[in-house]
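Below: one structure, written as structure tokens.
The values are calculated or read from the model by the stated rules, or taken from the named source; none is laboratory data. What you are looking at is a predicted structure, and each value in this text was computed from that prediction instead of being measured. Neighbour counts run over all protein chains shown; Cβ positions are idealised from the backbone, glycine included. When the accessible area is computed, the model is the full protein with side chains, heavy atoms only, and any ligands, DNA or RNA have been set aside. Shrake-Rupley method; radii C 1.70, N 1.55, O 1.52, S 1.80 Å.
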Amino acid sequence: MRKCQFAWRGAIILVILYFTTSCDQPAPRRVLAQVLESTTGAFLDTKMNPDSSFEVGQTIVTTETGTAIISLVPGLMVQLNPNTKVVLDELLLTKSNQITFFVMESRSARVRLLRGSVCAWVAPTITQTELHIELPVGDLVASQTTSFYVGVGRETVRVTTWKGEATVQSKERGPQSVTEGCFEDWSISTGMPLGPASDIGEQAAQELVAVSDAQQRFAHLLSKAINRIPTSQSR
């Protein structure tokens, strides 16, 4: 009789362990990118509008005068500047599947910047958050509390960081960080960083202002989105 009791207790423990461990496995899921704000006629594809959502694999192209602010995943926003072309390669949220609630484990997005420029903001979050931008010279990676400008021209790639730190995993030179308030240029043909140019300071100052203005818009739009969430008192 006692052996049966031990056997039943062992079986119950195994069942409990199975459900608690299997339910706690991170469950990544794809999400849709969402336009938060755009100028009139911002997109080359006229079917796209200020209420558009985008799936992984879609290409977004802005017109010569158009700009658009897009939420890739919660906490990751980009402003597409005029004449910019990007491809959405990955939009993921990872949550732990607790039985009674969901806990955010990580957020990540990966895009390809084929031409033009973007201002990007990785919001200050308590969970692991990363933005990856594939460039002709390598991959740019930025995590929480980072805002930066990145542009792809005919011959060069430019990264200017306003807050935090952005790291470019160069194909030729390995990882290179662009710290707060700094900039770096890479040659597309060689993949190597370039030396300073005569107009570099003025150009960097303009880019820092652009990123600063974009970050203010990002924060404002994020605040509006949070305020639209219904509470128990507002129902």
- Query: What are the residues in region 36-86 that are charged (D, E, K, R) and within 21 Å of residue 151 (Cα to Cα), if any?
  - Reply: 37, 64, 85
- Among the residues of region 108-150, how many are open to solvent by less than 10 Å² (accessible area, probe 1.4 Å), more than 12 Å from the chain's Cα centre (by Cα) and small (Gly, Ala, Ser)? 1
- Query: Across region 40-54, what is the total count of residues that are open to solvent by 50 Å² or more (accessible area, probe 1.4 Å) and either in a strand (DSSP E or B) or modelled with pLDDT of 95 or more (or both)?
  - Reply: 1
- Quick one: which strands (runs of 3 or more DSSP E) lie wholly within region 121-183 and hold at least 3 residues that are within 13 Å of residue 76 (Cβ to Cβ) and in contact with a Lys or Arg (Cβ under 9 Å, 6 or more places away or on another chain)? 128-135, 146-152
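Matching residues to (1) polar (S, T, N, Q); (2) assigned to a strand (DSSP E or B); (3) open to solvent by less than 10 Å² (accessible area, probe 1.4 Å); (4) closer than 11 Å to residue 43 by Cβ:
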| position | (1), (2), (3), (4) |
| --- | --- |
| 57 | no, no, no, no |
| 60 | no, yes, yes, yes |
| 64 | no, no, no, no |
| 88 | no, yes, yes, no |
| 92 | no, yes, no, no |
- Test result for residue 115, modelled with pLDDT of 95 or more and among the basic types (Lys, Arg): yes
- Only unsatisfied item for residue 37, checking (1) at pLDDT below 90; (2) part of a strand (DSSP E or B), is (1)
